[in-house]
Amino acid sequence: MEIPVTGQALEAALSLYAGVMAGLVYDLLRTLRRAFRLRAVTMVSDALFWCVCALGMFALGLSAGGGEQRLFMLILAFLGGALYFLTVSPLVLEFGAFMTGILGRVLRFLTTPLRWMYRYLEKFRRFLKKAFPYLKKWFTIRGKRKKSTENADITEETAHAGKTHRYTY
């Protein structure tokens, strides 16, 4: 079945657009990776990128390709991505870094009371950690002293009770 020239031009334009969008998604995820710098974030963002690209190319083949995946569509998608990376990518990365910086400052401002509270709770925890060994000794000594006075009272009462029984005529 033959495809009209306008249909082929539409497929080519959509393939280029898909490449540009794949580059944009990659830069957004790259900004996220640069912000967190964790290996897990890198792995998840790479997997997410490839899933999005695979689904995008599949959808492109279904819609514009009429259910067929053509080689020129894949080549033009790669060319669209290369065009994006050579032209717009540096600007998007700068804008992403700028927005990440602003978001970081806003989050830092909003979490300042929580960080202060954590700092003082940490100081209080360290104080309790130092104080409890002393308090444990204090309660142990006090408890032993109290038991010994209670035992002394009981022995005096029994001794007194014993004297009254022993010496009564």
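Yes/no matrix, rows are residues, columns are (1) assigned by TED's automatic domain parsing to the domain that holds Ala18; (2) out of contact with any Leu (no Cβ under 6 Å at 6 or more places or on another chain); (3) of a type outside the set (D, E, K, R):
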position	(1), (2), (3)
Gly80	yes, no, yes
Leu86	yes, yes, yes
Val92	yes, yes, yes
Arg105	yes, yes, no
Glu122	no, yes, no
Which of (1) of a type in the set (Val, Ile, Thr); (2) in a helix (DSSP H, G or I); (3) in contact (Cβ under 8 Å) with a residue 60 or more places away in the chain does Ile3 not meet, given it meets every other one?
-> (2)
Flagged in segment 1-53 as more than 25 Å from the chain's Cα centre (by Cα), β-branched (Val, Ile, Thr) and either loosely packed, with under 15 Cβ neighbours inside 10 Å or outside the structural domain of Leu76 (by TED's automatic domain parsing) (or both), in numbering order, are Ile3, Val5, Thr6
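The values are calculated or read from the model by the stated rules, or taken from the named source; none is laboratory data. Everything numeric in this text was worked out from a predicted model, so none of it was measured. Backbone-built Cβ (ideal geometry, glycine too); neighbour counts: all protein chains shown.
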